[in-house]
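The values are calculated or read from the model by the stated rules, or taken from the named source; none is laboratory data. These numbers come from a predicted model, not from an experiment. Here the Cβ is made from the backbone with ideal geometry for all residues, glycine too, and neighbour counts use every protein chain on show.
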Amino acid sequence: MPDKRNADMDNLQAVQHIFFDHDGGVDDFIALLILLAHDDVDLVGISVTPADTFIEAAIPATRKILDLADRSAVPVAAGTLSGRNPFPDDWRMDSYKIDALPILNQRTSPIAPLVPQSGQQFLAETLIGRDRTTLLMTGPLTNLAWALERHPGIASRIERLYWMGGALDVPGNVQEEGHDGTAEWNAYWDPPAVTRVWDSSIPITMFPLDATDQVPLDDSFLRAFGPLYPHPLAAAAGTCWALTAGHVERTGLPYYAWDTLTAAAMMQPDLCTYRDIACEVVVDGPSQGRTIADSGDRIVTTATDVDADGFRRFVLRAR
């Protein structure tokens with residue numbers, strides 16, 4: 001199908017009510033900081049999926065970031081569901097580093113409320129209680145799949161789902177024994193959850209590795225945050241991103257703007273071009289979690305080309 005700009009996406013900046021589900025990686029927290037730097041974003045709630053994180057650190061870190069941005073009224077909930085394929089523990093440890101950053105620990109304890117419900121229940125209840133909500137999900141789709149299974153009617157209350165996940169025409173980033181390497185991690189953590197969301201009527205915009213691989217982060221970008229240090233949100237974002245320095249030396253691969261591109265393009269759609277494609281997900285076997293383009297009946301709006309320089313400018317303006 002030809003490249004297109006979906007009408008819903010052109011009108012996105014008019015959408016104020018966003019529920020954010022993330023999984024506590026470095027770039028998830030930076031995506032949150034980007035959201036909070038924009039006054040026209042009405043963040044109605046946050047749930048955290050215990051995937052690329054340890055929930056014990058991700059929850060207080062999320063609440064502290066909200067406090068830093070003077071958004072302490074935004075409620076936060078801890079997800080309790082597990083995926084089929086756990087992230088490596090050394091990746092998940094980054095949440096402890098974020099939680100310990102001095103810029104986030106200027107108070108004795110966080111103020112932003114931790115709700116008693118589980119993250120998946122809080123997501124469901126928030127959607128049930130609102131007419132139209134935009135979902136931004138930068139981790140696995142587990143909480144949403146759970147909510148849809150128990151409350152199918154919430155699909156009609158979701159304006160659009162923006163999801164960082166999948167790999168279509170590029171290699172995946174899963175390098176686990178027994179897997180063929182075709183899947184992206186957010187899909188691989190819980191493949192049945194992706195299928196459950198695909199089976200719903202929710203309009204979906206997906207930011208796969210095909211798009212995010214176009215925005216590797218280099219040292220010059222990391223150092224561009226130095227002059228912005230007087231601005232607390234920019235200082236926090238730059239400090240979080242500094243934790244990724246040396247990623248190429250450690251892994252042989254760049255650190256990409258996975259979740260941050262997704263959040264930025266949700267707010268400024270022209271950072272990407274998009275194509276509507278038929279797409280399905282492999283649930284089992286050595287390709288589990290693989291997202292296959294031009295297959296199946298589910299149509300997904302997919303980010304293709306990225307204005308990488310425009311993305312960097314957008315991020316550096318957020319403060």
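Here are some notes:
- Val283 being over 20 Å from Ala318 (Cβ atoms), part of a helix (DSSP H, G or I) and either among the basic types (Lys, Arg) or more than 17 Å from the chain's Cα centre (by Cα) (or both): no
- Residues of region 115-124 satisfying the condition of being part of a loop (DSSP other than H, G, I, E, B) and not β-branched (Val, Ile, Thr): Pro116, Gln117, Ser118
- Considering region 297-319, the residues that are without any contact (Cβ under 8 Å) to a residue 40 or more places away in the chain and assigned to a loop (DSSP other than H, G, I, E, B) include one that is surrounded by the most Cβ atoms within 10 Å (Cβ to Cβ), namely Asp307.
- One residue stands out among those in region 243-261 that are touching a Ser or Thr at 6+ places or on another chain (Cβ under 6 Å) and surrounded by 24 or more Cβ atoms within 10 Å (Cβ to Cβ): the one that is nearest to Ala31 (Cα to Cα), which is Asp259.
- Meets criteria (polar (S, T, N, Q), surrounded by fewer than 17 Cβ atoms within 10 Å (Cβ to Cβ) and touching a helix residue (DSSP H, G or I) at 6+ places or on another chain (Cβ under 8 Å)) for Ser201: yes
- Residue match in region 271-293 (condition: without any contact (Cβ under 8 Å) to a residue 60 or more places away in the chain, surrounded by fewer than 16 Cβ atoms within 10 Å (Cβ to Cβ) and over 21 Å from Leu141 (Cα atoms)): no
- Subset of region 78-114 (residues that are outside any helix (DSSP H, G or I), hydrophobic (A, V, I, L, M, F, W, C) and in contact (Cβ under 8 Å) with a residue 60 or more places away in the chain): Leu81, Phe87, Leu101
- Residue list for region 206-253, restricted to those being modelled with pLDDT under 90 and touching a Leu at 6+ places or on another chain (Cβ under 9 Å): Ala245, His247
- Pairs with Cβ under 7 Å, 6+ apart, first in region 143-162 and within 16 Å of Phe122 (Cα to Cα) and without any contact (Cβ under 8 Å) to a residue 60 or more places away in the chain, second β-branched (Val, Ile, Thr) and surrounded by fewer than 21 Cβ atoms within 10 Å (Cβ to Cβ): His151/Ile128; Ile154/Ile128; Ala155/Ile202; Ile158/Ile202
- Residue pairs meeting the criteria (Cβ under 7 Å; at least 6 apart or on separate chains; first surrounded by 15 or more Cβ atoms within 10 Å (Cβ to Cβ), in region 214-232; second basic (Lys, Arg) and not in a helix (DSSP H, G or I)): Leu228/Arg319; His231/Arg319
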